[in-house]
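The values are calculated or read from the model by the stated rules, or taken from the named source; none is laboratory data. Only a predicted model underlies this, so the values are computations on that prediction, with no experimental measurement involved. Neighbour counts run over all protein chains shown; Cβ positions are idealised from the backbone, glycine included. SASA here: full protein model, heavy atoms, side chains in, ligands and nucleic acids out. Shrake-Rupley method; radii C 1.70, N 1.55, O 1.52, S 1.80 Å.
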There are 2 protein chains.
Amino acid sequence: MAKTDHERTLIDFRTEPSKYKHWKLSVDGRVATLSMDVREDGGLRPGYELKLNSYDLGVDIELYDAVQRLRFEHPEVSAVILTSAKERIFCAGANIRMLGQSSHGWKVNFCKFTNETRNAIEEATAESRQAYLCVVNGPCAGGGYELALATDYIIMADDGNTSVALPEVPLLAVLPGTGGLTRLVDKRRVRRDRADFFCTLEEGIKGKRALDWGLVDELVPRSKLEETARRRAAEFAPRTDRPAAARGIALLPLSRTIDDDRITYSHVACTLDRERRVAEITVTGPAAPPPPALQGMRDLGCAFWPLALARELDDLILHLRTNEEGIGIWVLRTAGSADLVEAYDRLLAEHQGDWLVREIRLYLKRTLKRLDVSSRSIFALIEPGSCFAGTLLELALAADRSYMLSGARPGDSRPPATVRLAGLNFGAYPMPNGLTRLASRFLAEPGRVEKLKVLIGKDLDAASADEAGLVTFTPDDIDWEDEVRLAIEERAAFSPDALTGMEASLRFGGPETLETKIFGRLSAWQNWIFQRPNAVGPKGALGLYGTGQRSDFDRRRV
Amino acid sequence: MAKTDHERTLIDFRTEPSKYKHWKLSVDGRVATLSMDVREDGGLRPGYELKLNSYDLGVDIELYDAVQRLRFEHPEVSAVILTSAKERIFCAGANIRMLGQSSHGWKVNFCKFTNETRNAIEEATAESRQAYLCVVNGPCAGGGYELALATDYIIMADDGNTSVALPEVPLLAVLPGTGGLTRLVDKRRVRRDRADFFCTLEEGIKGKRALDWGLVDELVPRSKLEETARRRAAEFAPRTDRPAAARGIALLPLSRTIDDDRITYSHVACTLDRERRVAEITVTGPAAPPPPALQGMRDLGCAFWPLALARELDDLILHLRTNEEGIGIWVLRTAGSADLVEAYDRLLAEHQGDWLVREIRLYLKRTLKRLDVSSRSIFALIEPGSCFAGTLLELALAADRSYMLSGARPGDSRPPATVRLAGLNFGAYPMPNGLTRLASRFLAEPGRVEKLKVLIGKDLDAASADEAGLVTFTPDDIDWEDEVRLAIEERAAFSPDALTGMEASLRFGGPETLETKIFGRLSAWQNWIFQRPNAVGPKGALGLYGTGQRSDFDRRRV
């Protein structure tokens, strides 16, 4: 089918404001405005028109880029107004035709990325102290309202035209796919019976009831919308600790080469073995010590190793998820000096109050979280020459399992592999469940994480790492080859779907958060519905939307 | 297809020990033994043999019955040993042929019921102080190990034959469907990388590694199994507060008549409107005041109104879920005297220390929880003559929404409808998320629940109930007919799948528990996998199991 060919076109997540088709980003002192102005003919793939500010992945890639740049390039911005540049519409949500013509995998991956971006908006508000508020200046439906829900303050026009709605269930027989149901009852804590009513209303809710039910935070006449938004943004501004006078760091175009089955960045490289369905990913540690002072880091800008690493790994994960769905196993290796990694970690730890250091740490956190929610099996291989230390040790802790070579290889003059804990492993990079990877790992022995702190900075060989519980298996050279090869072959032979469900269940023990609820519960239900004939079958609502034909549902409850 | 016809055969959840085909229940002083001894030819439907202590719904219905009876009929029992009566096998899990030939709906409903029974085993241990321990005396795989995981102490034979395993992913391309993954990382807190390895091992893990990894609690030579089990059970026994000398309450056969589209019990009646896809359920309050003393309650036995109500409603929910999947909406009404309901509630509140009162309250709690996890839209209609008070008010609070008639109906001499809070609404009946229905309702205003206590015992008319936030809508007589009819018609027109996902997402705001993780996250993933060709397609693993043919998987990761 033609569809499949379109999907094979590589999707590139790299963009920049001068290339935006769908968003306008403007900065006025401490307040930025991000206006949605979707170009109808600007869809990522042919076959649909992006009417009424509806969006596809291309629109969301730009939003993602804008959210990133606002953090790094605009330290002075403390409030972001999210609104629509169209006259009569805020946003109609994800484009339905696009969904209707997309494969199951595309829909699921699209929802995952849009969810991650909305989570990043909330994280920007909470952690980067760059508060998002939303001005709903026209009908706001489905993914449009879910975008509003990701901001911390929703101002709605009180006119006859503007409403908020989650019409997916009545209109399309699917769920709002971007966290809407969860944010409704868990973030805004709308009463469940009202949420039930609201989510079955095609036309949505406007005016006073929207305010009374907690669907929006403020209702103002259309003529006062701009003034109110500016005032609220000005009120948010002083609550930040972002430095008004600092200079931003330009996120220069990320250089990447793709040759056949090899993807190369400065510090990250990936080789695809399509037959074995494996991506062999190697992260290279820093080549030189960090600059002695913060100014040196600022001068390096996006070439500063931790930031470059975050960007490259982030891009690779998105690339593999979207463009290489046949590659089911990601094998992670590192190469370089643990001492140098530790030196950068120390800088990130000692200057965590600096706005740029904070942004880099948050970016690394978000990137590692992408691993946690990627539907791929992740194995870490810890071998001589590697540098699984501190921040890079998180890669091994994020893996579904790890293999560490015990002892040296004959003929290899390098010392046996070691791993090294750093302070950053104990708090800098929480998972979506809010726990560090160490805490998630040792749920059975909460005190154990604290005890591990005595090992910070020490090189742990395979036996010590095993005793510390940091690695899964520690075969020696005699067993390594067969054990690792068999593990990968076996994994590749299992059903990808069963692995996805299993990994999503095992990775997140312990507490649940808005994020784990969205990626666990909500996404799983949505994935199920995306497979059901009532939504996607020939008589399903998603495919028939706009054709004038009525859906013919299987009425049995499951 | 023939399969569909089999499914139309009514499944009856009512049984008793003398009718058991698959379990042996024996009581020896304070210790009971529940032995699994599945009859190969005793399957609920034709087409499969229940080899190796594998189970189908029929086996689980007996287990459910035994767990219930142990609570009510055996107040003296403080520990239950769960084991296998077969010589060389503990339990091979759910029967795979049965799963392979079952419809999607059947599989999902089967898993829901088995999950509820395992949750009830955990609740019996924690709340009824009747502790379950498991003696694994042979290979214990899939649902077999999940059954063991539901107990609080697992003793495993240390021989060459006995292992524990969750082989669903490698063998069948599905997930363990009865809470296994969740209990592994969240209850037993097995390290996630070890859980990952374990869940991909067809052959499972035996001996010392099973103990070291926390998969079992004790490892003993086969010859010492019985003695150890008895000793551990004897150690559990003194920890209980169950009265050794009390006499149990016999759960006499539940009388029920099914005439065409009407199901009638003593206090519960249900009329099915298949065209509108609605079940109209009416719960009748008590006909007379409760007996003045506890002895009177004991003398009444299972005729005591709250216990009779719990049993009847429980049976009706199970009947509708299993036998009436085309009925998507359950409309709940009550009829009777709020004063009488309150009188029974007072008895249940004042004597909560009594073992039988505790059991009745727990049974009501479990029954109400079944409503919470039922994939049906639930509307409560509150009209003149109703008695939504205390325990019965929970029905309205469990509903997705409620409609309360404001004022009287012309020609109806009865006073306008009222609702009434009682002490039991504030703690006796927590939902699967661990919160009361009131607390779940008012997540946005935690203090509000406390404030509602001043209303206990007061009759609240529609306006007051609305102000208290207890009901969704309060139309008057002029609007009632159209508003309620349209709401039901609209609901019936939506996609059942989308409603299921929506309801599962909106009903459980706030904290997550083992139970919500199982019914939300795990079940949703399993449902998704149960729809995927890799599991259930013509080349899927579930259908090909045992045929010698290899599955042909779609290798794309979703």
A:L99 being open to solvent by 10 Å² or more (accessible area, probe 1.4 Å), on the phi > 0 side of the Ramachandran plot and in the same structural domain as A:V31 (by TED's automatic domain parsing)
no
The listed residue being out of contact with any Lys or Arg (no Cβ under 9 Å at 6 or more places or on another chain) and in a loop (DSSP other than H, G, I, E, B), out of A:A343, A:A288, A:A308:
A:A288
Just one listed residue, out of A:R358, A:R274, is at pLDDT 95 or above and within 14 Å of chain B (Cβ to nearest Cβ), and it is A:R274
Does B:G180 satisfy the criteria of being touching a helix residue (DSSP H, G or I) at 6+ places or on another chain (Cβ under 6 Å), modelled with pLDDT of 95 or more and facing chain A (nearest Cβ under 10 Å)?
yes
Which of the residues that make up the range A:438-458 are touching a residue at least 24 places away in the same chain (Cβ under 8 Å), in a helix (DSSP H, G or I) and more than 14 Å from every other protein chain (Cβ to nearest Cβ)?
A:K453, A:L455
If you check A:V471, A:V484, A:V454, which single one turns out to be surrounded by fewer than 17 Cβ atoms within 10 Å (Cβ to Cβ) and among the hydrophobic types (A, V, I, L, M, F, W, C)?
A:V454
Filter pass, B:R247 being open to solvent by 80 Å² or more (accessible area, probe 1.4 Å), touching a helix residue (DSSP H, G or I) at 6+ places or on another chain (Cβ under 8 Å) and part of a loop (DSSP other than H, G, I, E, B):
yes
Sort out which residues of the range A:498-556 are surrounded by 22 or more Cβ atoms within 10 Å (Cβ to Cβ), among the polar types (S, T, N, Q) and more than 7 Å from every other protein chain (Cβ to nearest Cβ), and write them in order of number.
A:T516, A:S523
Please state which of the following conditions B:L201 fails to meet, knowing it meets all the rest: (1) assigned to a loop (DSSP other than H, G, I, E, B); (2) more than 14 Å from chain A (Cβ to nearest Cβ); (3) open to solvent by less than 40 Å² (accessible area, probe 1.4 Å).
(2)
Residue, farthest from A:C140 (Cα to Cα), within the range A:66-75, restricted to residues that are touching a residue at least 60 places away in the same chain (Cβ under 8 Å) and touching a strand residue (DSSP E or B) at 6+ places or on another chain (Cβ under 8 Å):
A:H74
Test A:E87 against the criterion of being assigned to a loop (DSSP other than H, G, I, E, B), acidic (D, E), more than 14 Å from chain B (Cβ to nearest Cβ) and more than 20 Å from A:A541 (Cα to Cα), and give yes or no.
yes
Among (1) open to solvent by less than 20 Å² (accessible area, probe 1.4 Å); (2) within 14 Å of chain B (Cβ to nearest Cβ); (3) over 23 Å from A:M431 (Cβ atoms), there is one condition A:T162 misses while meeting the rest; what is its number?
(2)
What are the residues in the range A:184-198 that are open to solvent by 10 Å² or more (accessible area, probe 1.4 Å) and either under 22 Å from the mean Cα position of the chain (by Cα) or not assigned by TED's automatic domain parsing to the domain that holds A:P167 (or both), if any?
A:D186, A:K187, A:R188
Taking the conditions exactly as written (in contact with a strand residue (DSSP E or B) (Cβ under 9 Å, 6 or more places away or on another chain), over 30 Å from A:G411 (Cβ atoms) and more than 7 Å from every other protein chain (Cβ to nearest Cβ)), does A:E483 satisfy them or not?
no
State which residue is least open to solvent (accessible area, probe 1.4 Å) when the search covers only the range B:47-74 and only residues that are in contact with an Asp or Glu (Cβ under 8 Å, 6 or more places away or on another chain) and not in a helix (DSSP H, G or I).
B:L50
Away from every other protein chain (no Cβ under 11 Å) and either of a type in the set (F, W, Y) or outside any loop (DSSP other than H, G, I, E, B) (or both): does that describe B:A463?
yes
Name the single residue that is farthest from B:L166 (Cα to Cα) among those in the range A:488-507 being out of contact with any strand residue (DSSP E or B) (no Cβ under 7 Å at 6 or more places or on another chain) and in contact (Cβ under 8 Å) with a residue 24 or more places away in the chain.
A:E489
Scan the range A:487-497 residue by residue and report those that are open to solvent by less than 20 Å² (accessible area, probe 1.4 Å) and within 11 Å of another protein chain (Cβ to nearest Cβ).
A:A487, A:R491, A:A492, A:S495, A:P496, A:D497
With the structure loaded, tell me whether B:L181 is within 21 Å of the chain's Cα centre (by Cα), open to solvent by less than 20 Å² (accessible area, probe 1.4 Å) and more than 18 Å from B:M36 (Cβ to Cβ) or whether it fails that test.
yes
Being away from chain A (no Cβ under 14 Å) and open to solvent by less than 20 Å² (accessible area, probe 1.4 Å) is the requirement here; does B:S128 meet it?
yes
Looking at the range B:347-393 only, could you name the residues that are at positive phi and either in a helix (DSSP H, G or I) or under 16 Å from the mean Cα position of the chain (by Cα) (or both)?
B:G390
Of everything in the range B:132-162, what is out of contact with any helix residue (DSSP H, G or I) (no Cβ under 7 Å at 6 or more places or on another chain) and either in a loop (DSSP other than H, G, I, E, B) or not assigned by TED's automatic domain parsing to the domain that holds B:C199 (or both)? Give them in sequence order.
B:G138, B:P139, B:G160, B:N161, B:T162
Looking at the range B:320-367 only, could you name the residues that are under 30 Å from B:L499 (Cα atoms) and of a type in the set (V, I, T)?
B:T322, B:I327, B:I329, B:V331, B:T334, B:T367
Per-region count, the range A:288-302, residues in contact (Cβ under 8 Å) with a residue 12 or more places away in the chain and either under 16 Å from A:T391 (Cα atoms) or loosely packed, with under 14 Cβ neighbours inside 10 Å (or both)
3
Please state which one of A:A417, A:A396 is within 30 Å of the chain's Cα centre (by Cα), crowded, with 24+ Cβ neighbours inside 10 Å and either in the same structural domain as A:E490 (by TED's automatic domain parsing) or hydrophobic (A, V, I, L, M, F, W, C) (or both).
A:A396
Quick one: A:C91 ticks every box in (1) in contact (Cβ under 8 Å) with a residue 40 or more places away in the chain; (2) open to solvent by 10 Å² or more (accessible area, probe 1.4 Å) except a single one, so which number is it?
(2)
Among (1) open to solvent by less than 20 Å² (accessible area, probe 1.4 Å); (2) modelled with pLDDT under 95; (3) not polar (S, T, N, Q), A:D315 falls short only on (2)
